[in-house]
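The values are calculated or read from the model by the stated rules, or taken from the named source; none is laboratory data. All of these numbers come straight from a predicted model, not from anything done at the bench. Every residue, glycine among them, receives a Cβ derived from its backbone with ideal geometry; neighbour counts consider all protein chains shown.
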Amino acid sequence: MKRILISLTLSTFTFGMGQNKISLPSKDELNAMIVESNVPALGIGTIENGTITNAFVLGETKANTVATDDAFFDTASIAKNITSWLTLKLVNKGLFDLDEPLYPYWVDPDLKDDPYAKLLTARHILGHKTGFKNWRWMNPDKKLAFDFEPGTKVQYSGEGFEYLKKALENKFETTFQALVDQWVFEPFGMQNAHVIWDSKIDINQVTIAHNAEGEPYAFDIEERKKASAADNLLITAKDLALFGKGIMKLDGISLELYQQMITPKSPVKEGVGIGLGWVVFENLSNNEYALLGAGSDKGVNAIILLLPESKRGLVALTNGDNGRKIVMGLIGKTFDIGPEILGRL
């Protein structure tokens, strides 16, 4: 496969040499991107040679409030990547089994008479093969139901991760927040990451989601007081970069389990599949592969992209409906093989 290169200008930050380089647009260029896209704030984290080389925020959390580098972003479905790593850490310690049926720990009341509930495993959930729709309210009766037998097809589902959360809480007799703190946040030194609202968070440090016209959406603290395994992750750019750095160091799981994580079992399209909790891009130029986590919601667009072979990574977080163009565009601008990755999306 022909190597794809991007032209560099004097206004880019260039880190590393050759294949290991990261070429991040200058802060002036990044500011211009958020102004043009009507996105209030942009958080950036970069990893080069396994070291965090940038962690900063540009723009405003809300009108007339300058965002600091420790501003929190809602990263929506990147919560699923956190949940996936938590699950793998528990498996690595011999405390859990990816192929262990979950029904002894949790059966949703909507599924109490469904025989498929006895088949559902964590592996199905992490690979988006539960048979559930994304959310139960998408069903005509608003109840959770299987569209097909678990493990037989791919269908993206946030409900699956919420199901896993309940099973883990019941099995380990503790809260999901406590599990994540113990097994993910604390080992990685992530002091500014939350799957549930913490009263210690300064609301003025939270980047409020905005619509395409730049108007703020309501920020409902009450709905964030219930931990989610699939959504609503609040985190700083630095802490999400710490997460990516830890993953590329295999800090907490065995090589064998990591290989399972990065091996696509759920194909999406040629060269792209779902491993255990991550979108995996296989057979890229320079013998690279990429792991992608993405979050999108009203006024929320965020990505974490890792290139483990060259130990590079990018975190890009925004608080605007138009943020997707920015975060995806940065993949193409930052990495030599970025356009190749974007070409498969």
Evaluation of M190 against (1) in contact (Cβ under 8 Å) with a residue 40 or more places away in the chain; (2) outside any loop (DSSP other than H, G, I, E, B); (3) farther than 21 Å from D110 by Cα (one fails), failing number
(2)
Among the candidates D198, D147, D141, single out the residue that is modelled with pLDDT under 95 and assigned to a loop (DSSP other than H, G, I, E, B).
D198
Scan segment 67-75 and tell me whether some residue there is at pLDDT below 95 and within 25 Å of the chain's Cα centre (by Cα).
no
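Looking only at residues that are of a type in the set (A, V, I, L, M) and either outside any loop (DSSP other than H, G, I, E, B) or not assigned by TED's automatic domain parsing to the domain that holds D321 (or both) in segment 203-224, which one is surrounded by the fewest Cβ atoms within 10 Å (Cβ to Cβ)?
I203
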Please find, within segment 105-132, the residue that is nearest to W278 (Cα to Cα) out of those that are assigned to a loop (DSSP other than H, G, I, E, B) and touching a residue at least 60 places away in the same chain (Cβ under 8 Å).
G127
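Just give me the residues in segment 103-122 being over 13 Å from Y163 (Cβ atoms) and either surrounded by 16 or more Cβ atoms within 10 Å (Cβ to Cβ) or among the acidic types (D, E) (or both), in sequence order. Spell out how you get there, then give the answer.
Filtering segment 103-122 for residues over 13 Å from Y163 (Cβ atoms) gives 104, 112-113, 115, 118.
If the condition is that a residue be over 13 Å from Y163 (Cβ atoms) and either surrounded by 16 or more Cβ atoms within 10 Å (Cβ to Cβ) or among the acidic types (D, E) (or both), then D113 is the only one that fits.
Can you give me the number of residues within segment 44-88 that are under 21 Å from G329 (Cα atoms) and in contact with a Pro (Cβ under 8 Å, 6 or more places away or on another chain)?
Filtering segment 44-88 down to residues under 21 Å from G329 (Cα atoms) leaves 44-48, 52-60, 73-78.
Now restrict to residues that are in contact with a Pro (Cβ under 8 Å, 6 or more places away or on another chain): 59-60.
Qualifying residue count for the region: 2.
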Only unsatisfied item for L250, checking (1) of a type in the set (A, V, I, L, M); (2) on the phi < 0 side of the Ramachandran plot; (3) in a loop (DSSP other than H, G, I, E, B), is (2)
So N170 clears everything in (1) part of a loop (DSSP other than H, G, I, E, B); (2) out of contact with any strand residue (DSSP E or B) (no Cβ under 7 Å at 6 or more places or on another chain) except one condition, right? Which one?
(1)
What strands (runs of 3 or more DSSP E) lie completely within segment 254-345 and have 2 or more residues being under 29 Å from K27 (Cα atoms) and under 13 Å from the mean Cα position of the chain (by Cα)?
288-297, 300-307, 312-318
Determine, yes or no, whether A227 is buried (at least 19 other Cβ atoms within 10 Å of the Cβ), touching a residue at least 12 places away in the same chain (Cβ under 8 Å) and either assigned to a helix (DSSP H, G or I) or of a type in the set (D, E) (or both).
no
What tally of residues in segment 150-167 results from selecting those that are among the aromatic types (F, W, Y) and either surrounded by fewer than 16 Cβ atoms within 10 Å (Cβ to Cβ) or part of a loop (DSSP other than H, G, I, E, B) (or both)?
1
Please pick out the residue among T46, T53 that is closer than 26 Å to I208 by Cβ, hydroxyl-bearing (S, T, Y) and in a strand (DSSP E or B).
T46
